[in-house]
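Visitor: I'd like to ask some things about the structure below.
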Amino acid sequence: MGMAGVQENGHGEMVLSDFPLGSKNKYKRMDSQYDEDDDPSQHHRKKSTRKYVFGCAIFASLNNVLLGYDVGVMSGAILFIQEDLKITEVQQEVLVGVLSIISLLGSLAGGRTSDAIGRKWTMGLAAVIFQIGAAVMTFAPSFEILMVGRILAGVGIGFGVMIAPVYIAEISPTISRGSLTSFPEIFINLGILLGYVSNYAFSGLSAHISWRIMLAVGILPSVFIGVALFIIPESPRWLVLQNRVEEARSVLMKTNENESEVEERLAEIQLAAGTSNTEKPVWRELLSPSPALRRMLITGIGIQCFQQITGIDATVYYSPAIFKAAGIEDESKLLAATVAVGVSKTAFILIAIILIDKVGRKPLLYVSMIGMTTCLFGVGITLLLMKEGSISIALAILFVCGNVAFFSVGIGPVCWVLTSEIFPLRVRAQASGLGAVGNRMCSGLIAMSFLSVSRAITVGGTFLIFSVISVLSIAFVYKYVPETKGKSLEQIELLFQDEYGFQGGEVQLGDVEHLVHK
């Protein structure tokens, strides 16, 4: 018929035969389908593979507990640090925000590091750097030494936040990639909740001791990461880039439910690695991108920035200040209210995990950002127009918990899923690093300016600004974010090849023909 990979099936119908799409993709050979569940050995393999990939995703996400714990614990620890070390309001802002600003250095370096030493060992390096920073903070006798520890911890967190979604996306089967790549966000939320609980648990100790124990507890998750490095495999896509094809095949045998798909998947990865294996350095390619790569960068960096400039980290870091503005005076009650925020943020991400591979990325983003806009506006109006009292306290807690819940349902996990799956293999790690840099920079700027801006225009006025930015994020998703549900990493590249695909069009047969001819 003159078209590669397409032939007649004997019934006058056209089927795809040679193109390595695999049975889990949108395009299948209809004449070769059968019920694999009737085969007991195949059923056992599927069950075993799912457990293995699930375990890898959990271990790879442990670094994200460190970020979440730091965000959660610092919201309460800063109250005791201020009392113990007598730091100013500006020093509080710098101490809270510097971790996010410095973590962008880790994210920038993480892309090149993971290309050089591998995805797995980059996660190990992240844990080691964070441990050193956490130890320095725990024993810091002054604000200056505390800042040194925060800077080291920030670099470690930058490495970990950038590499975990990339690693999980590269080992996950297409059908469950969205859910599994959401795991890092689950662990961030779990870390935030643990940080809030730690604040409440140790708040009864003296100011000199309490914040040190709160920060020291953050070292524990990184110990488990060291154990995980001897269990999880290296990314098969990174192994192919290093010409270690047999090792990549071995990993794919463990992570693919259908053994017959392994060679097809490997061929897809080798094709992607081969077409991108040019002499042009990755950073030069990112600085002067092709039209398709430019669209990917707009989508990836843009969604990461919008995740933070809608004020989520300010809400979490400064939730005690928000509740104090609503009328809560007692410190223990302030910290107890923040636990409710942590529970909401952690519980609602389970909805995203269940739905992200069923309803898709964009519907969750729309629900998330419309809900956040409503809640941010509600917080602003409550703090501006209502007098301090039980009603304003109840509404403030309701809207803050609603805001973090809607965040967890959509933009929280989905932004990390998108940036780990939209970039071509050759630039994936470093381009994802740029997205993480945008995320951490916006987080730091918001965290370091929240108290000053709130003093100038009130806390309520600040949240009204966040609600306006949230409206803009909805327009950004409509225009720039395509739907990637159910597509392999290699197919997703096709969505950005032209304006139609960039605006969310489906991969059609003509797209497949184009890729085959490449």
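Computed from the coordinates by the stated procedures, all read-outs in this text should not be read as laboratory data. Computed from a predicted structure; not experimentally measured. Backbone-built Cβ (ideal geometry, glycine too); neighbour counts: all protein chains shown.
Visitor: Mind listing the Cα extents of region 428-475 along all three principal axes, in Å, largest one first?
Guide: Dimensions of region 428-475 along the principal axes of its Cα atoms: 41, 26, 8 Å.
Visitor: Give the distance, in whole Å, between the Cα centre of region 428-472 and the Cα centre of region 107-143.
Guide: Region 428-472 and region 107-143 have Cα centres separated by 24 Å.
Visitor: Here's a follow-up. In nm, what is the difference between 0.36 nm times the number of residues separating Tyr480 and Lys47 and their Cα-Cα distance?
Guide: 152.2 nm
Visitor: Using the Cα centre of region 347-498 as origin and beta-carbon charges of +1 (Lys, Arg) and -1 (Asp, Glu), tell me which of Phe377, Ser473, Ala405 is placed farthest towards the positive end of the dipole.
Guide: Phe377
Visitor: Provide, for q = 0.12 Å⁻¹, the log10 of I(q)/I(0) from a solvent-free Debye sum over equal Cα point scatterers in region 404-487.
Guide: With one equal scatterer per Cα and no solvent, log10 I(q)/I(0) is -0.48.
Visitor: Give me the net charge of Ala456's neighbourhood, meaning all other residues with Cβ under 15 Å from the Cβ of Ala456; Lys, Arg count +1, Asp, Glu -1.
Guide: -1
Visitor: How high is the FRET efficiency from Glu144 to Ser390, r the C-beta distance, R0 45 Å, rounded to 0.05?
Guide: The computed FRET efficiency comes out at 0.60.
Visitor: Something else: Given R₀ = 35 Å, what would the calculated FRET efficiency be for Val227 paired with Ile351, taking r from the Cβ atoms and rounding to 0.05?
Guide: The value I calculate is 0.70.
Visitor: State the Kirkwood hydrodynamic radius of region 80-220 in Å, one decimal place, computed from all pairs of distinct Cα atoms.
Guide: Computed over region 80-220, the radius equals 16.2 Å.
Visitor: Another question about this same structure. Cα-based Rg (one decimal) and Dmax (whole number) for region 286-365, in Å?
Guide: In order Rg, Dmax, the Cα atoms of region 286-365 give 18.2, 56 Å.
Visitor: Testing the spin-label approximation: label points 7 Å from Cα along Cα→Cβ at Leu472 and Arg244. State their distance in nm.
Guide: Label-label distance for Leu472 and Arg244, simple model: 4.4 nm.
Visitor: Could you check how many percent of all C-alpha pairs in region 200-258 are farther apart than 12 Å?
Guide: 74 percent
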